[in-house]
Structure formats: C-alpha cells, structure tokens
1. Return the long-range amide H neighbours of residue 292 (sequence gap of 5 or more, or a different chain), with a cut-off of under 5 Å between placed amide H atoms.
2. On full extension of the chain, what length is gained from residue 439 through residue 196, given 0.36 nm per residue of separation minus the C-alpha to C-alpha distance?
3. Run the numbers for residue 229 and residue 427: contour at 0.36 nm per residue of separation, minus the present Cα-Cα distance, in nm.
4. What does the accessible area of residue 168 come to, in Å² to the nearest 10, when a probe of 1.4 Å is used?
5. Past 32 Å, Cα to Cα: identify those pairs from 333/388; 304/424; 36/284, in the order given.
6. What is the distance, in nm, between label points placed 7 Å from the Cα along the Cα-to-Cβ direction at residue 38 and at residue 448?
7. Please give the net charge around residue 138, taking every other residue with its beta carbon less than 15 angstrom from that of residue 138, where Lys and Arg add +1 and Asp and Glu add -1.
8. Would you grab the residues whose amide H sits under 5 Å from the one on residue 53? Only those 5+ places off in sequence or on another chain, please, with H modelled 1.01 Å from N.
Amino acid sequence: HRSCKVPTFVLKSIATDDDDLDGTFAHLPTISEALKERLARLPHQQDPTHGVVLLVLTGVQGSGKSTFGQLLERWAPTRWTRICQDSIRNGRPGTRAQCLSQARAAMLGVLPASDPRGTQGVEYNPEAGSSVVVDRTNLTREQREDFVKLAQELQVECHAIHLDPQIEKCIARVKAREYHEGDFFGKSPRLASIIHSSRRSYQTLSKQEGFASIRRMSAVSVQDEEFEAAFEFACNLPVRASRGRVPDVDASTQHDIEALEASVAKRQRAGPAWSEALAHYARKPAAFTEVLRSDDLCVTVEDKYPKARYHWLIIARGDQFGTMPSPLTGLRKADIELLRHMRTAAEELVASQNMSTDQFSMGFHRLPSMRQLHMHVISLDYVSPALKTKKHWNSFTTEFFVPASTVIEILEDALPGTEARALKDLLISEDSAEMILKEEMKCCNCGATLKNMPALKSHQEQCTSQASFDPTLHSKRSPEGSAE
C-alpha cells in the first residue's frame, strides 16, 4: 500500500480480519486503544447516515500529513481515499490536475480499473463514493482553490486541517525518516532550507476560500490529545455531512475518466515516463556519468539532443520543482537565489569555453516537455544535426522561450504572496503553444522568413558568419541578448 497499489477502502472490503490491514499499515504509528474505542462507536460505512466529504490537509514537509491521511484510511469507520501527489503516478510524483481527477473519481465511486495507482482487476461499487483526504502541502490559496471548486461542483462539503508543528520538529522528522514516497528524507541542509521556504510561503486558511470548517493542529505524536481530537473530528466529518448525495456521473465526468484510463494505458505501453528523466539527475546526480557538475541547488548536463553547438541544461534540485503542471507556476520570491545560482552556473559554463554570455540564450520554455525545472543554456548559432523541425527552431527563437532575467525580474518586483499572479502572463495553454511552435520560421539574425528546415539551414550558411553571434541582431527575435 505504501506505493499506492490498492485503495484502502478496497483492502477493507477484501481483508479477512484486522491482521491483514495491520500488516498493510505496519509502518504507521499506532493510535491509542481509547481512540480506537471511540471510533468504533461511530456509524460505519454501511450506515445510511454517512456522507462524502473532501478534506484538504495543509502543512510543510514533515508536518505529518501523510501519516494523518494513512491513519484516516486505516481507522476511519467510513471509506476514505488518500490522494497523495508524491506517489499518484504509480508510486511516482504527479500533478495537481492528476490529484483532482482521482479525487473526483473516488468521490463518485467510479475509479477506473486501470487507474495510475495500479488497481487493475478490482471491482468498485458505483453507488458508494469515498471521502477524500488530499495529501499535498496546499500552502497557498491558489493551490487550494481547485479542490474547493471540485467540492462545490460535486455538492460535497470541503474541510481543511492545517498541520503546524514547530519547524524544528518538522526538520527532525525528515532527518529521522528511512523512507518517504516523494524521496523527501535525509540529513541534507537543502531539505531544511526547503522546509523553511515552504513555511514562509504559507497563506493562512480562511473560510472565505469556501471551506465548511478549518482546524489547526500543532501536535506531532499520534498519542497527543490534540492529534486525537483532530483525528476524531476528521472521522466524524462524513457522519455529520449533509447527505447531499454525490450527483450521478454525467457525460463530461465519464469523458474525464475514460481519458484517464486511456492516458494510463498509453503510459504503461511506453514504459518509464521520459518526461521524468531530469528528475533522476536532480535526485541522484552521482549516479550518472553524463552529469558535468552538481551542488546542493542544481545539476548541469549536456542536452541529450542539442539544438546548437553548445546546449546545456541547468536542472533545479528539489522534488517541489518537478510536481507542478508548469514549473514556473510554483516559483516564489524565496526561489530568486536559486535562479541566480543557476544563472551563475550557466555563466561559468560559458566562460569555460572561452566564450561570452552575449553568444548564448539562457532561459526557460513556457510549456516544457520535461517536468523538472530546468534552464536552457544554448549558443546562438543553432547549428546541430538534432535541429530538425519547425518546433525545434521556434521553441528557442520565439516568445515560447522566456529569458531567465525576465523570470527573476518578475519575482523581484512581485509582492510576497502575489508571485503566481505576477507570473501568470508567462503561462501558456497547449493550444497557444502549438500555434507559436507552428509559426513561420524566421532567421534570428536578419529576420528573413524561411519555409522549411532545408531552406533555413541553407540560409544559415549564407548568412554572415559572425551574425549568428551578434547580440544586437539576435535581439530581433530573442530578448535575452546581453542581459545575461
């Protein structure tokens, strides 16, 4: 179950006795016998008075969200499904959108038989939805907003519990871990820095966001009275919920589920998700010979399919930079130093080749194909056998490419708590991205329009040899220029 193979409410239905479930949850701390007795007196799943609720947990890494959610699955007398972003993709990190899709499916009681948690062959009762506990940091109003909207759409109550132990206790928990679904464990000072950064980004929960109730808990031990009170409160939520039955599955919902099944099947056929490749470098750089250099903040590799004579990737370390739909959306003022560090690493690479930063672009794709936050460092000659398509060319020479300096400036100018809104203009839909990448190709030196790649490459050879390294000419297409 630690790798999310089967939802707990299914395990409860097929377990022959409590020993089966105790083995499944052997890694969890044990709640008190007194609490078990109180929970046993609550109405159980077969009682018609129970409802379906959505519970959003908030808190920094190490605050105890996963433990709370797993214990809720194990001991709550009604059905609960924990949605954990750290392991939602068959044991690997996923996205907020995937969390929303699976939360919707669980509450509707129609989880597909081939969902990303590997529940093949399990039959579900479509008449019985499961309450959902969302196991993510959920520190900002923007991160919580979509879950509140989902609850409103499905006409179920949405509640929140903020887990708020002392920051030192959170760091100590992370150091003491021997395992974590999102690989967030160990004694690296980088992890403590991430936790402090997360705490600074927290925006206080408010009922104005749409929550039916909000509760705060600072306890760490499951034997603490405060923990037991919060846990019993959560177990009572489905019992007390107004029985506004989850609506029947409509056409759009069914379409979402079918799309989920199709995407899962496609990923299973494709094997390991190639879009996660950079995350492997970030987590364990010492395991890869292709890593040029690394430190606590970033890793440098050569692009496997370079689009110019020189093309490197500066990859941010930290799982939080690989779990967002677009890595730029999650950047905050606390990340400015990381971006500056990445840019410094890029400048050192350029200097190692006895070249000038005026001869390079340094920045990000607005809709990257690789999930881990990474900066492209690419020479302006754009000469490479791997440069084969219009999409390749336009991804570096149009507004699809955002200079690192632009991202840093936006974050510097933004007020704390408004970074996501300030960065919004950098985000782009898949349809808009496709339109940009299908635009006519233009020489970034002279502005000439080229119809196809052979024409472009022929033109590049005829264009003034030094023009491809002239930052003044290049600025016609890319604003990066000498700013880097």
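1. Distant-sequence amide H within range of residue 292: 300, 301, 302.
2. 83.1 nm
3. Length difference between fully extended and current span is 67.1 nm.
4. So the heavy atoms of residue 168 present about 120 Å² to solvent.
5. Working: 333/388 37 Å; 304/424 30 Å; 36/284 41 Å.
Long pairs (Cα-Cα over 32 Å): 333/388; 36/284.
6. 7.9 nm
7. Details: positive: 65, 82, 96, 136, 141, 144, 149, 199, 215, 216, 332; negative: 86, 135, 142, 145, 146, 164, 209.
Surrounding charge for residue 138 is +4.
8. Correct list: 131, 132.
The values are calculated or read from the model by the stated rules, or taken from the named source; none is laboratory data. Given the structure is predicted, the values throughout are model-derived calculations rather than measurements. Note: ideal-geometry Cβ built from the backbone for every residue, glycine included; neighbour counts use all protein chains shown. We work out accessible area using only protein heavy atoms, side chains counted, and drop any ligands, DNA or RNA first. Shrake-Rupley method; radii C 1.70, N 1.55, O 1.52, S 1.80 Å.
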